[in-house]
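First the structure, in the form of structure tokens, and then the observations on it.
A short reminder: the numbers here are calculations on the coordinates, not readings from a lab. The shown structure was predicted, so the numbers you read here are calculated from the model rather than taken from an experiment. Virtual Cβ from ideal backbone geometry, glycine too; neighbours counted across all protein chains shown.
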Amino acid sequence: MYSLLLSIIYVAFVSLGLPDSLIGAGWPVMHSDLGVPVSFAGFVTMIIAAGTIVSSLASERVTRRFGAGLVTAVSVGMTAVALVGFSLSDQFWMLCLWAIPFGMGAGAVDAALNNYVALHYAARHMNWLHACWGVGASISPFIMSLRAHLRARLVGRISHRRSHPGGADGRAPVQPAAVGQSPCRRSRGRR
């Protein structure tokens, strides 16, 4: 039970680190889609930071009253709902609104789990805990770019099938008269 609970806490800290670097990685695309300047990323991150600070300061009383398990469960739920809200937001004000539960949830789970590990485990586990957070924060931009790449490939295949009907695999059937030269070679000679 000792190792299982510690493993769950480590995984929780990897997941806690995952969204922390996504605003910085995604903002170059997000700001143009939202129609706001690049500098507006600071507003979102400050709201998240304020929520984290408030919930961290209140975590001692909340954890004493409800216990670390319930605080962690509710905080993870708040963070997950906020991330879904981020993904569905198409206006800047919506991002600011979802940043509140995101910061509150992240701060509460961080403080509750840090406190629990400090009280029940050796100091080396606290180091590993924060190393797990670093793993999550480091791999999240890669995960986001991989997701965007796969989505772009999927959208490209769907649009290719819509524009080139005919073949069973979505490709246009090959016609013997068109096999001579590639369009690139023909267009170079006709300039």
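What ranking do Asp90, Asp110 get, fewest neighbouring Cβ atoms within 10 angstrom at the top?
By the 10 Å Cβ count, ascending, the order reads Asp90, Asp110.
What separates the Cα centres of the stretch 37-70 and the stretch 90-153 is a distance of 12 Å.
I'd like to compare 143-155, 33-45: which one has the highest average count of other Cβ atoms within 10 Å, and what's the full order after that?
33-45, 143-155
The share of alpha-carbon pairs in the stretch 2-137 lying farther apart than 20 Å comes to 46%. Residues of the stretch 78-112 falling in the label zone of Ala58, defined by backbone nitrogen less than 18 Å from a point 7 Å along Cα to beta-carbon, are 78-82, 97-112.
Could you work out how much longer the chain between Val38 and Leu88 gets when fully extended? Use 0.36 nm per residue separation minus the Cα distance between them, nm to one decimal. Intermediate results must be reported in sequence, preceding the final value.
Numbers: separation 50, 0.36 × 50 = 18.00 nm, distance 1.98 nm.
Taking Val38 through Leu88 to full extension adds about 16.0 nm, to one decimal.
Between His31 and Val11, the simple label model (points 7 Å from Cα in the Cβ direction) yields a spacing of 3.7 nm. Taking the average, over residues, of other Cβ atoms within 10 Å as the packing measure, peptides 15-23, 50-58 rank 15-23, 50-58 from highest down.
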